[in-house]
Each structure stands twice: as C-alpha cells, then as structure tokens.
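Novice: My questions all concern the structure below.
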Amino acid sequence: MSWLTIVGIGEDGIAGLGDAAKSAISQAELVFGGERHLRLAAPLIAGEQQPWLSPFSLSVDAVVAARGKSVCVLASGDPFQFGVGATLARRIDPAQMRVLPHPSAFSLAAARLGWPLGEITTLSLHGRSQDLLRPHLQPGARILALTSDGDSPAQLAQLLHDSGFGLSIVTVLEALGGPEERVRSQPASAFTLADINPLNVVAISVVALSEARILPLVPGRDDALFEHDGQITKREVRALTLAALAPRQGELLWDIGAGSGSIAIEWMLAHQSLRAIAIESHPERCTRIKHNAALFGVPSLQLVEGTAPAALEGLEPPHAIFIGGGGSEPGVMEAAQQSLHPGGRLVANAVTLEMEAVLLAHHAAHGGSLTRIELSRASPIGTMTGWRPAMPLLQWCWSKP
C-alpha cells in the first residue's frame, strides 16, 4: 500500500490543488518540502514539517526512514520532470507511492508562448553547467530551460551572443502560475533585463548568425571546431570510428590516448545517457580536452591525466574502448581487453608500422575485423587540381566474448 504521496504544487499554492492533493497534505503525519513549498501549503499542514536538508541526500534518507507513517512530499510542478519524484523512485518502490502532479514549469511556459511542447527542446540547467545548452543551438530551434537563479538569464544571453546567436530572442518567464508572474523578452545581444525572479524559465528562439558555432547532429564534425595540436582523429575517420564503436544507451567509453578528446566528445553527443572517460598523459592536451568538452556541451566528460595501462587501474569498466594513441606501449591492449564488459567493443586505429604490427598480432590471436582506410583530398597542383592522399590507417574492431 502507498504510504508516500508526492504532491506537485505551483506558485498559486493551495488554490491550484485538487481535493485529493489537499487531503494528502492535511492528513500526513510528516510533510517534506522546500521552505517555499511548505509556506505555500501551510494552511493545510497539520503534521510535522520537514524542510529539505543539505545535502539533499540526507532528506532522501529521512523520507525512506519514515516508511510506515503517512508521509507527504511537496514538489515543484510535475515531480517527475527534473524533480524529486525521480530521485525518490530510485530508493522507494513506485507501488508504494501516490503521485499527484501539478502542471510543470515547461507546460506553463509552453502555454504562455503557444509553443507545442512535443516539438521543442526542454532541459534543466538548474545547478548544472550552462554549456549543456550548446548542442541544442540549432537554427530555428525553440528551447525551454530551467535555470538556477535570477542571474542565469543574463548569463545565457551572453553565451548566445558569444557563440554567434546574438539575434536569438530570450524570453524570461518568472514565477509562472502565481500572483507575481511576469513574461519579458529581449534579443540576446541586447539583453538588459534586471530584477529577475529566481524562479524562472528561459525560452530561446534560436537565430544563427553567419559566424554562429553550430554543432552538426552527426559524428564527423569539422576538425576546426576542436582545439588541437594535430593530435586529433580526422573527421572522416572519426565518423567511421564512432560507427564501429556503436554507442548504445547508457554506455561508458574509455578514450585512451584522447589527444583533443574528439572521439569521447562525439560519443557523448550521440545520446544524453552516454558517458566517457578520456585518458591522456600530456598536460596541455588535457587542458584542451576540458575546453573542448565545454565548447561542445559535454562538460561531464571525465578526464584522467596519466599514461595507460597504469592510468586505467581503478576506473569503472567500460562498454567500449577506443585506442587512438599509446596502443603500442606494453600492456595497453591487454589491459583494455581485460577491462571491457562482456560483449563490449574495442576499436583501435593505427597509422604507424609499430601499431599496425600490434593490431595484426591481436587480430591473429583474437579475431575481430581489420579495415584499411585510405582517404585523399583534392588540392591545388600549380594551376590545376590533384588528389593528395592522407596517411593510410588500419582499424581493428573486436568484441569481447
């Protein structure tokens, strides 16, 4: 039987609640919520009030420990849209919960703007890096983003301006559904709105200028988008390599000898659930990897500064591994194969004879597939044009039994 009721509440307080939500609050022995939520519902609360603790995990522990009592948790809007509901569901059987959602901030914002919610991008930047916005900056896109505070809209407008999207329209929707609701719009490059309510949603109608940094939606993005010192898997080979790595939802990649981090970054861009660890020994390249990860909107890329195989010790086992550098060093290939999850994929590229010899030996011993990749680009030859070949590359792909 359900002992926990999660009630979504809006800025209109108890006036916006149904009878079931009001009854759950008034009959609860314990009521958890933020101070704002508890204040909004105060006329109904008869039980003990428990404001959220810091860190939040302590409050989750307290809710779990209250099993057996009648407990109500107050949440903003829809508890399962970037809300506390998903957090609690990781610890409590959903069959023991009753959830009474309120319209989410996204639903309210879409209603005010007349935007079809199923056709726009929604994301939470609350307590998270604003760089997460970058992959979604596509010409004509519409974006709704939850923010952290009243300063966030101006910071987002500055990010848009700096990235070549200064003509985008930034709409700030404040305290939606309550008596202090306000909706204001300005172009990103001329954003001067002040005194913004900390409870706000930012809507962005994306307009790209000619110099805008637009990230294509498929692997093999232009090399010029990355900062690098020449140690980068070139775009055509990168696209083929990502295809061979075959990312699947929720998987983890090790990018060994990451260079600029291009493989790990494009892996993470393939789906929001994908994670990657970049292993790189050169400090300057590590700095570039961090910068590239931010510019591509994947700031959660994990970086390990060190040399394989020693740097691999203690890392979470991966589902896929790419070896772009250092694979000819003793023990690297063996450590990579051993670390993979069963069914995991290993892809290694070789441009040197030494690394080719390693891959040929591993293919002979373990099977897999070998692919020869040779590319040529048209280049000027005097007053005419001819093909200029790039260094040929050998790619070994192997799946762990």
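Novice: Classify the stretch 1-160 as rounded, prolate or oblate from the Cα gyration tensor: take a ≥ b ≥ c as the square roots of its eigenvalues, call it rounded if a/c is under 1.5, otherwise prolate when a/b beats b/c and oblate if not.
Specialist: Numbers: a/c = 2.13, a/b = 1.84, b/c = 1.16.
Prolate shape, in that a/c is at least 1.5 and a/b is the bigger ratio.
Novice: Moving on to the next point. Alpha carbon centre of the stretch 1-80 versus the stretch 189-231: separation in Å?
Specialist: 38
Novice: Once you list every other residue whose beta carbon is under 15 Å from the beta carbon of LEU125, what net charge do they have if Lys and Arg are +1 and Asp and Glu are -1?
Specialist: Values: positive: ARG128, ARG134; negative: ASP131, ASP149, ASP151.
Net of charged neighbours comes to -1.
Novice: Where both residues lie in the chain, what percent of DSSP beta bridges are antiparallel, nearest 5? The partial results should precede the final answer.
Specialist: Values: 34 of 73 bridges.
Taking every DSSP beta bridge within the chain, about 45 percent pair in antiparallel fashion.
Novice: Going Cα to Cα from LYS234, which lysines come in below 30 Å? Please leave out same-chain ones fewer than 8 positions away.
Specialist: In chain and number order, the partners are LYS290, LYS400.
Novice: Okay, next question. Mind ranking 373-386, 347-360 by how tightly packed they are, going by the mean number of other C-beta atoms within 10 angstrom, highest first? Don't jump to the answer; show the numbers that get you there.
Specialist: Working: 373-386: 9.6, 347-360: 18.3.
With the highest mean Cβ count within 10 Å placed first, the list reads 347-360, 373-386.
Novice: Which one, PHE322, GLY306, LEU117, is farthest towards the positive end of the dipole of the chain when Lys and Arg carry +1 and Asp and Glu -1 on their Cβ?
Specialist: Toward the positive end, the furthest listed residue is LEU117.
Novice: Same structure, new question: How much of the accessible area of the stretch 265-401, in percent, comes from carbon and sulfur atoms when a 1.4 Å probe is used? List each step's numbers first, then the result.
Specialist: Details: 4010 of 7040 Å².
Looking at the stretch 265-401 in its full context, I get 57 percent from C and S.
Novice: Please give the net charge around VAL351, taking every other residue with its beta carbon less than 15 angstrom from that of VAL351, where Lys and Arg add +1 and Asp and Glu add -1.
Specialist: Values: positive: LYS234, ARG238, ARG372; negative: GLU236, GLU354, GLU356, GLU374.
That sum, taken over residues with Cβ under 15 Å, equals -1.
Novice: Near LYS22, which aspartates and glutamates are there with a Cα under 17 Å away, not counting those fewer than 8 places off in the same chain?
Specialist: Hits, sequence-local ones excluded: GLU11, ASP12, GLU48, ASP78.
Novice: Report, to the nearest 10°, how far helix 56-65 tilts away from the longest principal axis of the Cα atoms in the chain, using its own Cα long axis and a range of 0 to 90°.
Specialist: 60
Novice: Now a separate question. Rounded to the nearest 20 debye, what is the charge dipole size of the chain about its Cα centre when +1 sits on each Lys and Arg Cβ and -1 on each Asp and Glu Cβ?
Specialist: Numbers: 29 positive and 37 negative charges, 145 e Å.
So the dipole magnitude of the chain works out to roughly 700 debye.
Novice: Assuming R0 = 35 Å, what is the FRET efficiency of GLN27 and SER273, from their Cβ-Cβ distance, to the nearest 0.05? Walk me through the intermediate numbers first.
Specialist: Numbers: r = 38 Å, r/R0 = 1.10.
It comes to 0.35.
Novice: With a 1.4 Å probe and all protein chains left in place, how much accessible area per residue does the chain have, in Å²? Could you put the intermediate results ahead of the total?
Specialist: Details: 18840 Å² over 401 residues.
Here the residues of the chain average 47 Å² of exposed surface.
Novice: Would you please report the Å³ per residue occupied by the convex hull of the alpha carbon atoms in the stretch 214-337? Spell out each step's value before the answer.
Specialist: Working: hull volume 11.9 nm³, N = 124.
So the per-residue hull volume is 96 Å³.
Novice: OK, next. What do you get for Rg/Rh of the chain when both radii come from the Cα atoms and Rh is the Kirkwood radius?
Specialist: Numbers: Rg = 25.8 Å, Rh = 24.2 Å.
Ratio of gyration radius to Kirkwood radius for the chain: 1.07.
Novice: Another one. What does the charge dipole of the stretch 1-53 about its Cα centre add up to, to the nearest 20 debye, if the Cβ of each Lys and Arg holds +1 and the Cβ of each Asp and Glu holds -1?
Specialist: On the way: 3 positive and 6 negative charges, 5 e Å.
Result for the stretch 1-53 is approximately 20 debye, rounded to the nearest 20.
Novice: Could you please report the charge total around ALA41, scoring K, R as +1 and D, E as -1 over all other residues with beta-carbon less than 14 angstrom from its beta-carbon? Write out the running numbers ahead of the final one.
Specialist: Values: positive: LYS22, ARG36, ARG39; negative: GLU11, ASP12, GLU35, GLU48.
My count for the surroundings of ALA41 gives -1.
Novice: If you don't mind, another one. How many nm is it between the label spots at HIS126 and ARG98, if each spot is 7 Å from the Cα in line with the beta carbon?
Specialist: Computed distance between label sites HIS126 and ARG98 equals 2.5 nm.
The values are calculated or read from the model by the stated rules, or taken from the named source; none is laboratory data. Since this is a predicted model, take the numbers as computed values, not measurements. All Cβ positions, even for glycine, are placed from backbone atoms using ideal geometry, and neighbour counts span all protein chains on display. Quick note on the areas: whole protein, heavy atoms, side chains included, nothing else; ligands and nucleic acids left out. Shrake-Rupley method; radii C 1.70, N 1.55, O 1.52, S 1.80 Å.
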